[in-house]
Amino acid sequence: RGLSIQRGRRGSALHWDDIRQVHTRSVRYGLGRLPGGRQDSIVLVTRDGRQFHLDQSLSDYDALVETVKRNVYPPLLDAYTRAFNHGQEIPFGPLRLTPEGIQNGRKMLRWQNVALARLERGWLEALPADRRAGPRLRFPVRSIPNVDLCLQLIQELSRHP
């Protein structure tokens with residue numbers, strides 16, 4: 001039903017349905033083209049604004065991230081889908097998914113003009129079919145809560161505008 005997080009003598013119970021945002025981050029470091037390593041982390045944000053930072057120093061980190069996403073994402077995707085089907089915008093950090101398209105401030109890329117949406121080297125990108133079809137939108141992954149769901153929705157909505 002959730003996570004039990006222990007920090008020293010203090011502990012917290014975190015139910016899956018309390019988690020509203022999952023922020024992922026992966027930082028690669030090294031010299032030039034020589035890879036030195038990578039530091040992965042996630043931040044879980046609850047309904048009431050509490051934040052829980054988890055990183056790869058935890059044993060079985062990858063399995064933990066997979067478990068969190070498997071339990072948190074399906075109900076969030078259902079809520080996003082219901083809201084969108086009722087004509088509501090869905091905010092994902094600096095961008096919004098609207099019935100017309102992907103919006104970032106005054107920039108808009110309409111659904112029918114999205115040629116490709118992808119996660120690439122720490123960026124979420126939405127690319128138009130050509131330059132006249134709309135702007136190329138690019139966002140750092142760390143600024144997009146639930147980035148996996150955002151990408152999934154963009155890909156689905158651009159196929160079926």
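Some observations on this one:
- The C-alpha atoms of the chain define a longest principal axis, and helix 147-159 lies at about 20 degrees to it.
- Using a simple spin-label model with pseudo-atoms 7 Å out from Cα toward Cβ, ARG47 and ASN104 lie 3.2 nm apart.
- Extension gain for ARG20-SER4 works out to 4.1 nm (0.36 nm per residue, less the C-alpha to C-alpha distance).
- The length gained by stretching the chain between ALA63 and SER12 to full extension, at 0.36 nm per residue less their Cα-Cα distance, is 16.4 nm.
- Highest average first, the peptides 124-132, 60-68 ordered by how many other beta carbon atoms sit within 10 Å of their residues are 124-132, 60-68.
- Carbon plus sulfur fraction of accessible area for the stretch 1-139, probe 1.4 Å, in percent: 47
- Counting only protein heavy atoms and a 1.4 Å probe, the stretch 22-147 has 63 square angstrom of accessible area per residue.
- The stretch 39-161, relative contact order [Cα under 8 Å, separation at least 6], %: 16
- In this structure, the amide hydrogen of GLN21, modeled 1.01 Å from its nitrogen in the peptide plane, lies closer than 5 angstrom to those of VAL45, counting only residues at least 5 positions away or on a different chain.
The values are calculated or read from the model by the stated rules, or taken from the named source; none is laboratory data. Every value quoted in this text rests on a predicted model; they were computed, and no experiment measured them. Reconstructed Cβ throughout: ideal geometry from the backbone, glycine too, with neighbour counts over all protein chains shown. Note: accessible area is taken over every heavy atom of the protein model, side chains too, but ligands, DNA and RNA are not part of it. Shrake-Rupley method; radii C 1.70, N 1.55, O 1.52, S 1.80 Å.
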